[in-house]
1. Of the accessible area of segment 1-58, with the probe set at 1.4 angstrom, what percent is carbon plus sulfur?
2. As a test question: what accessible area, to the nearest 10 Å², does D41 have when a 1.4 Å probe is rolled over all protein chains in place?
3. Work out how much length V43 to A147 would gain on full extension: take 0.36 nm times their residue separation and subtract the Cα-Cα distance, in nm to one decimal.
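The values are calculated or read from the model by the stated rules, or taken from the named source; none is laboratory data. Computed from a prediction, not measured in an experiment: that's the story for all the values here. When the accessible area is computed, the model is the full protein with side chains, heavy atoms only, and any ligands, DNA or RNA have been set aside. Shrake-Rupley method; radii C 1.70, N 1.55, O 1.52, S 1.80 Å.
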Amino acid sequence: DVLELQDVLREALRVTAPYLAARRLTVEPTFPTTPVLFYGDRVRLLQAFGSLLDHAVRWGSEGSRVTIELASVVAVEWRIVVTHDVAGQQADFARALDTFSRLGGRMEEPLGLGLRVAKEIVELHHGRLWVEGEPGRSSRLVITLPAVQQQEPSARHDASSNA
């Protein structure tokens, strides 16, 4: 289906809001004002984006800020970045990042089964997911998805006239 990425991200935020509120996490989304269209499975992408927010709830420092950015870094892809502080769980998060690095970037516990499933969903949509972090400071979960190429109206007309 054709969907708007901002809508799916907003829905993931709505579903996760009670958990974010329970940990007193403040969410700051930054989305483009124009629709970002994408071809994909809305339900699966909602699950993937929800897993990123669940990760922020699990590892985020209580009372800290979570940012969600949707931006085009290069013309052929969109990047979704979820960043949060992890100061309250330094040792556990450092161990999780170390395990992640030693496993060659495979999503395994203790970073969470949800992230492994999210990575599989993103890859099914021809994207990538990875985790960056500074032990004791912050975590960045990054998803890249291919940009939908819009055809020029004249190109669509020419193609239909050749049929």
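1. Answer for segment 1-58 is 54 percent, counting heavy atoms of protein chains only.
2. 60
3. 35.5 nm
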